[in-house]
Amino acid sequence: METVIKIHSSELTGKLLENIQKLIKGKKNAEIVISINDIPKKNYLRKETREEYFARLNESINQLEKANVITFTAESFDEFSRITLNEP
C-alpha cells in the first residue's frame, strides 16, 4: 500500500500525526517519507489564452529561425532565476 498525503504547512498538527500513527499501526515495515516543497509564488506562470500561447510560441520559432537567440551557462541561468524569483 502506498499513500500520498499533501498538506499545507499550517495543516501539520498533532492530530494529523496521530492519524498517521493509526494508519501504520501494526505494520512492521512501514516507511514514512516527508517532503517539503515551496509553493510557487502567485503569478509565477502567466495566464494566457490558447491563441496567445501559440502566438508567443510561433514568435519564438521565428526568432530561432532568424538565429536571434541568447545562450547562457547553467550558472548564469541560476543567477537569472534567483533574480526573477527575488531570492537571495
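The values are calculated or read from the model by the stated rules, or taken from the named source; none is laboratory data. In this text the structure is predicted, and so the values were computed from the model without any measurement. With ideal geometry, Cβ positions are generated from the backbone for all residues, glycine too; neighbour counts draw on all protein chains shown.
Before moving on, here are some points about what is shown:
- Some residue of segment 58-67 being at pLDDT below 85 and either β-branched (Val, Ile, Thr) or surrounded by 10 or more Cβ atoms within 10 Å (Cβ to Cβ) (or both): no
- Checked against the criterion of being out of contact with any Phe, Trp or Tyr (no Cβ under 7 Å at 6 or more places or on another chain), aliphatic (A, V, I, L, M) and at pLDDT 85 or above, segment 43-57 has at least one qualifying residue.
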